[in-house]
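Contents: one structure, followed by commentary.
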Amino acid sequence: MLYLTRKIGESIIINDDIELTVVDVRGKSIKLGLTFPSNVSVYRREIYERIQAEKAAAAAAGGNPDAPPADTAEDASSTADDG
């Protein structure tokens with residue numbers, strides 16, 4: 001794992017087309033801003049793990065494991081403060 005120190009307003013660039021910016025720091029919470037291409041999926045870890053579990057369950061049941069769950073479609077493009 002790579003550890004970096006950044007201040008508010010500072011960014012890191014990943015693969016030339018993903019930018020992660022520290023927007024705010026309050027106590028133990030950090031607000032991050034991400035700029036990324038529309039073909040890149042970005043999920044909070046708990047959402048990603050749920051999607052993977054649902055894909056595995058669908059594959060085991062003979063369904064389409066590549067179909068994203070309907071209720072997580074907005075998470076990747078959400079700009080709301082999820083805290």
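The values are calculated or read from the model by the stated rules, or taken from the named source; none is laboratory data. Values in this document were obtained by computation on a predicted structure and should not be read as measured data. Cβ placement follows ideal geometry from the backbone for every residue including glycine, while neighbour counts extend to all protein chains displayed. The area values use the complete protein model at the heavy-atom level, side chains included, leaving out ligands, DNA and RNA. Shrake-Rupley method; radii C 1.70, N 1.55, O 1.52, S 1.80 Å.
Details
- Odd one out for R6 among (1) among the charged types (D, E, K, R); (2) on the phi < 0 side of the Ramachandran plot; (3) within 18 Å of the chain's Cα centre (by Cα); (4) open to solvent by 60 Å² or more (accessible area, probe 1.4 Å): (3)
- Residues that are open to solvent by 60 Å² or more (accessible area, probe 1.4 Å) and of a type outside the set (D, E), drawn from the range 37-52: S38, N39, S41, Y43, R44, R45, Y48, R50, Q52
- Apart from one condition, L20 fits all of (1) open to solvent by less than 70 Å² (accessible area, probe 1.4 Å); (2) modelled with pLDDT under 90; the exception is (2).
- Remark: pairs (first residue in the range 1-24, more than 18 Å from V42 (Cβ to Cβ); second residue of a type outside the set (A, V, I, L, M); Cβ separation under 6 Å; 6+ apart in sequence or on different chains) = D24/K31.
- Lone unmet requirement of (1) open to solvent by less than 80 Å² (accessible area, probe 1.4 Å); (2) under 18 Å from the mean Cα position of the chain (by Cα); (3) modelled with pLDDT of 95 or more for A73: (3)
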